[in-house]
Amino acid sequence: MLMLRNLLFGALLITLMTAALGVTRIKLGENPKPAGAPVHVQADSITFAVIGDYGRDSKQEDSVAKMVKSWNPDFIITVGDNNYLTGSASTIKNNIGKYYGDYIYNPDAKPDWQCHGKAEQQKQNRFFPAPGNHDNYSIPRLKPYLDYFTLPGDETNYDFTWGPVHFYSLNTGTDAKMTCCDSKVSGWLKDALQKDTKTFKIVYFHHPPFSSGEHGSSKDMRWPFKEWGVDAVLTGHEHFYAKATVKGSTAPLYLICGNSGSNEHYPCDKHPLEKDKYDWFCDNVHFGAIKVTVTKHKAVFEYYAVEQPQYPLDVNVVSK
């Protein structure tokens, strides 16, 4: 644990040093390589998986990956920390492609990084990550991540549709110090959601707006998602599964999935939420992932643990 904390502290120092040298966060529209093609797949019913804080090449990641693949999802989204500890080029293949290569189509990656599974055979990417703070620790920031994946748009803040769902992936950097609602990213998201005609809208990123865990709430990410028509906000960062509910509000659904491969759990109650304002459910005992099934009028979010995968430990339904 001490060694891990020392490594993380070192990574943070490196990040601060690069900031002092003028290295800035990659923003919407600042793309260092050709963007991936847009994804627009039509289907009446879709199934996808949500994983987070998974990229550690651990036995826990292996167990979660096997469970996820047993669901035969149409695609997988991630809520960050795809490549521990510092988003390095030397670890990215073992931390990601070793377990999820069948779902990754990355033709603009260098040859020895390209995945050669079912997604490549179909020429259809089925793996859509959001960056986490550990992915952002690389120097230059996010370079291995951007070099490895082939994603829509600018690849850091992007959207795609699949069946009845419109997905929006955001990069919250190392600390989620993002403003709303006059920043370029929040403006892009708000405008896109206002024009969105899909039945369901899902936004996913790394730092949770509401959390009682080790890191606490990333309050800068408490954007007006309900007013913008968002049905679910999916995040990670905390090494557990959790659900935060704003009392008196039915939307959006706030879920944290940060136990998909990191080999340690975080406490559920390090920074308690105000009990008169929020309800909080947290599991920091198991490792797992979320299975989501969406039809024309219903989205079902089921949280499964690898220790008892026969039935979900939490189920949430969004109906339209």
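Every number in this text was worked out from the coordinates using simple rules, so none of it is lab data. Just so we're clear, the structure is a prediction, and the values are computed from it rather than from any experiment. All Cβ positions, glycine included, derive from the backbone under ideal geometry; neighbour counts span all protein chains shown.
Kindly point out, ordered by number, any Cys in the chain whose beta-carbon has no other cysteine beta-carbon under 4.7 Å away.
Cys115, Cys257
Rounded, prolate or oblate, given the Cα gyration tensor of the stretch 191-234, with a/c below 1.5 counting as rounded?
Judged from the Cα gyration tensor, the stretch 191-234 comes out prolate (a/c at least 1.5, a/b above b/c).
Among Val39, Thr172, Pro267, pick out the residue whose Cα is farthest towards the positive end of the charge dipole of the chain, where Lys and Arg carry +1 and Asp and Glu carry -1 on C-beta, about the Cα centre.
Checked the options; the winner is Val39.
What is the dipole size for the chain, taken about its Cα centre, with +1 at each Lys and Arg Cβ and -1 at each Asp and Glu Cβ, in debye to the nearest 20?
Dipole size: approximately 380 debye.
Compute the separation of the alpha-carbon centres of the stretch 130-199 and the stretch 256-285 and state it in Å as a whole number.
Here the two parts' Cα centres lie 24 Å apart.
Which whole-Hz ³J(HN,Hα) couplings does the stretch 265-276 yield from phi under the Karplus relation 6.51 cos²θ - 1.76 cosθ + 1.60, θ = phi - 60°, glycine and proline marked x?
Result, rounded to whole Hz: 9, 9, x, 7, 10, 5, 10, x, 6, 5, 5, 7.
Give me the percent of DSSP beta bridges within the chain that run antiparallel, rounded to the nearest 5.
For the chain, the DSSP antiparallel bridge percentage is about 60.
Label the stretch 166-320 by shape, choosing from rounded, prolate and oblate, from the square roots a ≥ b ≥ c of the eigenvalues of the Cα gyration tensor; if a/c is under 1.5 it is rounded, and otherwise prolate applies when a/b is larger than b/c, oblate when it is not.
Judged from the Cα gyration tensor, the stretch 166-320 comes out oblate (a/c at least 1.5, b/c at or above a/b).
How large is the charge dipole for the stretch 67-119, taken about the Cα centre, if only the Cβ atoms of Lys, Arg (+1) and Asp, Glu (-1) carry charge, to the nearest 20 debye?
Approximately 140 debye in magnitude.
Please get the size of the charge dipole for the stretch 166-257, origin at its Cα centre, with Cβ charges of +1 on Lys and Arg and -1 on Asp and Glu, quoted in debye to the nearest 20.
For this selection, approximately 220 debye.
Where in the stretch 105-209 are there trypsin sites (Lys or Arg not before Pro) that are in a DSSP coil and have at most 16 other Cβ atoms within 10 angstrom of their Cβ?
Sparse-neighbourhood loop trypsin sites (Lys or Arg not before Pro): Lys123, Lys177, Lys198.
Work out the charge dipole of the chain with +1 on the Cβ of Lys and Arg and -1 on the Cβ of Asp and Glu about the Cα centre, then indicate which of Ile51, Gly80, Phe149 is farthest towards its positive end.
It is Phe149, whose Cα lies furthest towards the positive end.
When only Cα pairs under 8 Å and 6 or more residues apart are kept, what is the percent relative contact order across the stretch 166-320?
Value for the stretch 166-320: 18 percent.
As a test of the formula, what do you get for the chain when each DSSP H run with n ≥ 4 contributes -39,500 (n - 2.57) and the sum is divided by the residue count, at 222 nm and rounded to the nearest 500 deg cm²/dmol?
-5000 deg cm²/dmol
Taking square-rooted eigenvalues a ≥ b ≥ c of the alpha carbon gyration tensor, is the chain rounded, prolate or oblate, where a/c under 1.5 means rounded and, failing that, a/b exceeding b/c means prolate?
rounded
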